[in-house]
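Below is one structure, written out as structure tokens; the observations come after it.
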Amino acid sequence: MKVLGIGNAIVDVICKVEDSYLSSNELTKGTMKLVDEIEFKKILSTLKIEETVSGGSVANSIVGLSQLGNKVGFIGKVCDDHLGQKYEDGLKKENVSYFYSKKKESLPTGTCLILITPDSERTMCTFLGTAGKISEKDVDVNSVKNSELIFLEGYLWDEGEPKSAFDKAIQNSNKVAMSLSDSFCVERHKKYFLDLVQNKLDITFANEQEISSLIDAKKFEDVMTFGKQLGKLIIITRGEKGSVAINKDQIIECESKKDLDIKDLTGAGDLFAAGYLHGYVNNLTILESLEKGTDMSSKIIQQIGARLT
């Protein structure tokens, strides 16, 4: 198997809102907020649902890798309920091997409200449900060992139990990539994330805001300096400024695509990671991998939702 993803198994509920809706509900545009079941249901009751689809950051990347012809798998915790079955069906439909046996849990399957404003930016409210309760018992060691690379998400660190799952996966892996996921996520777990980036990861994916937050960078040159000193592969997306790979002393830049009909930025980072990892596991150059990531992210932001149709 080329890549095994381990992350939050979340069902996305996509809704369109005005900017005023975010401010009246005290939501920060472009970020992800964790909510409890009561707050989740309260917000959902005020919304019109556009679409419901299997999601989760790393799972979206894994589906993208599958669509590019790679043999991939995913581990993520769901409950044996309606949404849990919908989630599993969504992965199988995309030819993703699902290495998790669902059962009745005390919490329901995780759900994420994706609120899309007129500028196509997405703001997320996530009720993790049972997704955030993944533990080392849920990690299939054989699938980890049989993968060229595992791909983890920083979002998984928003609850305590997954640490044991992360550690078990990393200890048994051949190579490890991880996405920092969200700047709020980085702020909450900065010390541990920095340790992961410096000592345990082979590849780190981040956007400019996330990596700057991680190292308290005042300017992008600080990020460049950190990346060169790190001596490992860091992939940074910069929106309209394109993307940058820092590999020891090597800096490789890739321009973003212009004149796109942007409809929804959900999944842009996830599909960028899919494109880059496709290049990585198929021995393309760093520049070719950046270009593939750019191509995938350009496609996803021109449709609604985080999975290419």
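The values are calculated or read from the model by the stated rules, or taken from the named source; none is laboratory data. Note that the coordinates shown come from a computational prediction; the quantities given were computed from them, not determined experimentally. For neighbour counting, all protein chains shown are included, and Cβ atoms are generated from backbone atoms with ideal geometry for every residue, glycine included.
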Which one is modelled with the lowest pLDDT among residues in segment 269-288 that are surrounded by 24 or more Cβ atoms within 10 Å (Cβ to Cβ) and of a type in the set (Gly, Ala, Ser)? 269
Identity of the residue in segment 64-101, within 23 Å of residue 51 (Cα to Cα) and basic (Lys, Arg), that ends up nearest to the chain's Cα centre (by Cα): 77
Going through (1) of a type in the set (Val, Ile, Thr); (2) without any contact (Cβ under 8 Å) to a residue 60 or more places away in the chain; (3) over 24 Å from residue 294 (Cβ atoms) one by one, residue 96 fails only at (3)
Top-ranked residue in segment 158-182 [being touching a residue at least 40 places away in the same chain (Cβ under 8 Å) and not in a loop (DSSP other than H, G, I, E, B); ranked as farthest from residue 130 (Cα to Cα)]: 177
Please go through segment 277-294 and pick out each residue that is farther than 13 Å from residue 58 by Cα, in a helix (DSSP H, G or I) and either free of Cβ contacts under 8 Å to residues at least 24 places away in the same chain or not small (Gly, Ala, Ser) (or both). 278, 279, 280, 281, 286, 287, 288, 290, 291, 292, 294
List every residue pair whose Cβ atoms lie under 9 Å apart, where the two residues are 6 or more positions apart in sequence or sit on different chains, the first residue falls within segment 216-242 and is on the phi > 0 side of the Ramachandran plot, and the second residue, located anywhere, is among the hydroxyl-bearing types (Ser, Thr, Tyr). 239/256; 242/256; 242/294
Within segment 81-97, does at least one residue satisfy the condition of being out of contact with any strand residue (DSSP E or B) (no Cβ under 6 Å at 6 or more places or on another chain) and under 22 Å from residue 192 (Cβ atoms)? no
Yes or no: residue 246 of a type in the set (A, V, I, L, M), more than 16 Å from the chain's Cα centre (by Cα) and under 16 Å from residue 122 (Cα atoms)? no
Looking only at residues that are under 20 Å from the mean Cα position of the chain (by Cα) and either surrounded by fewer than 23 Cβ atoms within 10 Å (Cβ to Cβ) or not hydrophobic (A, V, I, L, M, F, W, C) (or both) in segment 102-112, which one is farthest from residue 182 (Cα to Cα)? 109
